[in-house]
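One structure below.
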Amino acid sequence: MSSESSKKPGRPIITAKRDAIIAAAAESFFTKGFAATSIEQVAADAGVSKVTIYNHFGDKRALFAASVDDQCAAMRASFALEPAPTGTLRERLTAIAEAMVAFLSREELVRFDRRIAAETETEPEIGEAFLAAGPHRMRSAFAALLDTMVAGGELDIADTELAVEQFVSMCKGMGDLERRFGQPADPACDRRRIDGAVEVFCRAYARG
C-alpha cells in the first residue's frame, strides 16, 4: 500500500475535527467576542484537545480568522462565477444585494460587530484579522465577479473594487448603522435601498 493511500482513511476524521473546531470557535467568537473566547473552552465544545487546535490553526488569532472566513463563505458564494449565468443583470445584482443585506442583518453578526469594534480599540490586530478574513475577501470576490461582467460587455467599470464599495454602501444605507444602535430591522426600507442601489448602479455602469 502506498503512503498516499494509507493516509486517505484519516482525512475524513481530520476534516470532521477541523469543522467541529471552527463551528465551536465561531459560536464562541460571535457570541462572546475575541477576548472572552478561550482555546480551552473551544476545545471542550469541539470535543478535541488544545493541542489539536494548535496543530490545525497555530494560535487563537488564526482560529479567529478561520472562523470569520467560514461565516463569510456563504456570502461569498453569492459572488460565484457561473459559466452560464441566468437572469438579467438587474436580477443578478438584486439577488446579491438581498443576500448581502440578509447576511449583515443577522442579530449575531450585529452583536459580533459591536464587540470586535470595541476590542479593536485595545488590540488593533483583531480588527485587521477580521477585515482581512471577512470584508476584504468578500470585496475581492465581488470585484472578480464584476470584472467578469465587464469582460462580458455587461458593465463598463474602470475600478471594480471601488464599484463594489459603492454598491455595498448604497445597499446598506443607514440600516447598518441603525442596527448597531439597537434599531429593529425594517424590511420595507431595506427593499427600497436595494432597489435604489441596483437602479443607480445600473445607470452608472451598465452598457446599453
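FRET efficiency for the pair ASP147 and ALA102, taken as 1/(1 + (r/R0)^6) with r the Cβ-Cβ distance and R0 = 25 Å, rounds to 0.50. The share of alpha-carbon pairs in the chain lying farther apart than 30 Å comes to 35%. Across the range 114-131, coupling constants 3J(HN,Hα) worked out from phi with the 6.51/-1.76/1.60 Karplus curve, θ = phi - 60°, read 4, 5, 5, 4, 5, 5, 5, 4, 9, 9, x, 4, 5, x, 5, 5, 5, 4 Hz, and Gly and Pro carry x.
Please tell me the relative contact order of the chain in percent, rounded to the nearest whole number, where contacts are Cα pairs under 8 Å and at least six residues apart. The value is 21 percent. Rounded to the nearest 0.05, the FRET efficiency derived from the C-beta distance between GLN41 and CYS202 at R0 = 45 Å is 0.40.
Rolling a 1.4 Å probe across the protein heavy atoms gives the chain an accessible surface of 55 Å² per residue. Taking amide H atoms as placed 1.01 Å from N in the peptide plane, the amide H of LEU155 lies under 5 Å from those of VAL150, ARG207, each 5 or more residues away in sequence or on another chain.
Split the accessible area of the chain by element, probe 1.4 Å, and carbon with sulfur accounts for 55%. Placing +1 on each Lys and Arg Cβ and -1 on each Asp and Glu Cβ, with no other charges, gives the range 74-208 a dipole about its Cα centre of roughly 360 debye. Straight-line reach from LYS60: taking Cα to Cα under 17 Å and skipping same-chain neighbours fewer than 8 places apart, the aspartates and glutamates in range are ASP19, GLU27, GLU40, ASP45, ASP69, ASP70, GLU119, GLU123, GLU125, GLU128. Label-to-label distance for ALA185 and GLU27 is 2.2 nm, based on points extended 7 Å past Cα in the beta-carbon direction. Per-residue ellipticity at 222 nm from helix content only, as computed over the chain with -39500 (n - 2.57) for each DSSP H run of at least four residues, stands at -24000 deg cm²/dmol.
The values are calculated or read from the model by the stated rules, or taken from the named source; none is laboratory data. Please read all numbers here as calculations on a predicted model, not as lab measurements. Cβ: placed from backbone, ideal geometry, glycine included. Neighbour counts: every protein chain shown. Just the protein is used for accessible areas: all its heavy atoms, side chains included, with ligands, DNA and RNA removed. Shrake-Rupley method; radii C 1.70, N 1.55, O 1.52, S 1.80 Å.
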